[in-house]
Amino acid sequence: HAKSAGGNRYQFYSESLNRNAIRQLEVENLIREGLRDDLFEVYYQPKIDLKSGKMAGMEALVRLNHPEHGLIPPGDFIPLAEENGLIVEIGEVVLRKACFAAQKWRRQELFEGRVAVNLSSQQFALPDLQQRIESILRLTQLPPGNLELEITEGTVIKQPEKAIKVMMQLSKMGVSLALDDFGTGYSSLSYLKRFPIDTLKIDKAFVDDIDKSDRDLKMVDSIITIAHNMGLSVVGEGVEDASQLSILKALKCEEIQGFIYSKAVNEQAFTELLRQEELLPCSVKKQKKINL
Ligand code: C2E
Ligand code: MG
Ligand code: MG
Ligand code: MG
């Protein structure tokens with residue numbers, strides 16, 4: 001129906017459609033190349049326990065490290081990979097690499113917490129999901145208690161009853177479950193009660209302005225209260241500044257993740273972080289000033 005809007009528009013529309021299609025093909029080719037040549041790398045970002053100030057765990061975040069295009073962030077290829085199903089293969093690579101790395105750090109006695117891996121809707125829907133995860137845990141020898149899977153509201157809300165069964169299976173295996181990006185999807189509080197999850201991750205969008213907006217502060221305060229009443233532990237995502245950090249601490253948020261402690265870094269750099277006596281917060285505003 002673009003045509004009925006006028007000849008010029010039609011052309012414009014179809015050109016941009018073409019460009020989109022070409023871009024999609026390019027990205028799909030990059031993904032296939034990445035899988036073939038093992039170009040997917042896992043970066044790690046620490047999660048800090050606010051009571052002790054120590055690292056409680058880390059999140060595995062995928063990047064496509066391309067010889068020509070450099071480091072490609074997940075936002076550039078995950079959405080397409082979700083559409084064409086390649087996310088399943090990418091996800092397996094990430095899970096395998098993250099479990100290997102975590103088990104290596106455990107053996108070196110650098111770490112005893114949990115590594116969190118994002119699980120896409122497509123992976124979550126696999127009939128043999130449990131077997132796939134079990135076989136990676138066997139291969140890497142990582143105990144299930146040291147693995148956490150992050151799933152988003154969107155993944156579980158489509159077929160909540162089925163999702164609850166899958167989550168029960170995973171939970172029985174001893175794997176922890178976190179609800180990621182909480183508050184951005186169609187969060188239903190009534191389901192929250194029935195999901196066998198351990199942790200709720202409050203999306204960065206809510207954390208961004210807790211130090212500036214009273215409404216945002218009240219919102220986060222309420223989310224944390226509800227989570228605690230449900231027996232869930234809370235992670236604040238995307239913490240960049242000291243003021244946000246101290247507010248989340250005051251609200252009894254258990255853990256935070258954010259640039260204030262560290263961005264996601266590659267395996268080697270993360271090993272160095274683990275070797276450090278302690279991680280110190282440094283606000284992003286301050287980091288920017290230092291870089292001037
Ligand atoms: P996510 O799972 O919510 O991961 C957190 C994202 O927030 C990461 O972006 C992280 O780098 C970013 N972040 C953390 N702290 C800060 C901060 O203080 N400031 C800012 N500006 N950003 C912060 P990243 O690595 O680009 O990943 C984006 C999204 O891509 C992830 O969001 C997740 O949805 C998806 N993703 C990443 N890796 C995987 C994967 O292996 N599998 C799947 N299915 N999705 C993945
Ligand atoms: Mg996540
Ligand atoms: Mg998140
Ligand atoms: Mg996100």
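Suppose the filter is away from ligand 1 (no atom under 16 Å from the Cβ) and either aliphatic (A, V, I, L, M) or crowded, with 21+ Cβ neighbours inside 10 Å (or both); does Asn118 pass it? Quick ask: steps written out before the conclusion?
Values: away from ligand 1 (no atom under 16 Å from the Cβ): no; either aliphatic (A, V, I, L, M) or crowded, with 21+ Cβ neighbours inside 10 Å (or both): yes.
Spelling it out, it is not the case that Asn118 is away from ligand 1 (no atom under 16 Å from the Cβ) and either aliphatic (A, V, I, L, M) or crowded, with 21+ Cβ neighbours inside 10 Å (or both).
Counting just the residues of region 225-242 that are open to solvent by 10 Å² or more (accessible area, probe 1.4 Å) and assigned to a strand (DSSP E or B), which one comes out farthest from ligand 3 (Cβ to nearest atom)?
Taking the candidates together, the pick is Ser233.
Which of (1) at positive phi; (2) in a helix (DSSP H, G or I) is the odd one out, the single condition Ala269 does not satisfy?
So Ala269 meets the others, but not (1).
May I ask you to list the residues in region 141-159 that are farther than 21 Å from Ser121 by Cα and either within 16 Å of ligand 2 (Cβ to nearest atom) or crowded, with 19+ Cβ neighbours inside 10 Å (or both)?
Within region 141-159, Leu142, Asn146 qualify.
Restricting attention to region 93-110, report how many residues are over 21 Å from Gly34 (Cβ atoms), open to solvent by less than 20 Å² (accessible area, probe 1.4 Å) and away from ligand 2 (no atom under 16 Å from the Cβ). Quick ask: steps written out before the conclusion?
Step one: filter region 93-110 for residues over 21 Å from Gly34 (Cβ atoms), giving 102-110.
If we keep only those that are open to solvent by less than 20 Å² (accessible area, probe 1.4 Å) too, we end up with 102-103, 105.
With away from ligand 2 (no atom under 16 Å from the Cβ) added as a condition, the list becomes 103, 105.
Residues in region 93-110 being over 21 Å from Gly34 (Cβ atoms), open to solvent by less than 20 Å² (accessible area, probe 1.4 Å) and away from ligand 2 (no atom under 16 Å from the Cβ): 2 in total.
In region 160-195, what residues are open to solvent by 10 Å² or more (accessible area, probe 1.4 Å) and assigned to a loop (DSSP other than H, G, I, E, B)?
Within region 160-195, Gly174, Gly183, Thr184, Gly185, Tyr186, Ser187, Ser188, Lys193, Arg194, Phe195 qualify.
Could you tell me which residue of region 243-286 is nearest to Phe182 (Cα to Cα), considering only residues that are aliphatic (A, V, I, L, M) and open to solvent by 60 Å² or more (accessible area, probe 1.4 Å)?
First, pick out the residues of region 243-286 that are aliphatic (A, V, I, L, M): 245, 247-248, 250-251, 256, 260, 264-265, 269, 273-274, 279-280, 284.
Now drop any that are not open to solvent by 60 Å² or more (accessible area, probe 1.4 Å), which leaves 250, 280.
Working: Ala250: 20, Leu280: 26 Å.
The selected residue is Ala250.
The values are calculated or read from the model by the stated rules, or taken from the named source; none is laboratory data. Predicted model only: the values in this text are computed from it and were never measured. All Cβ positions, glycine included, derive from the backbone under ideal geometry; neighbour counts span all protein chains shown. Each accessible area value is taken on the protein alone, full model and side chains, heavy atoms only, with ligands, DNA and RNA left out. Shrake-Rupley method; radii C 1.70, N 1.55, O 1.52, S 1.80 Å.
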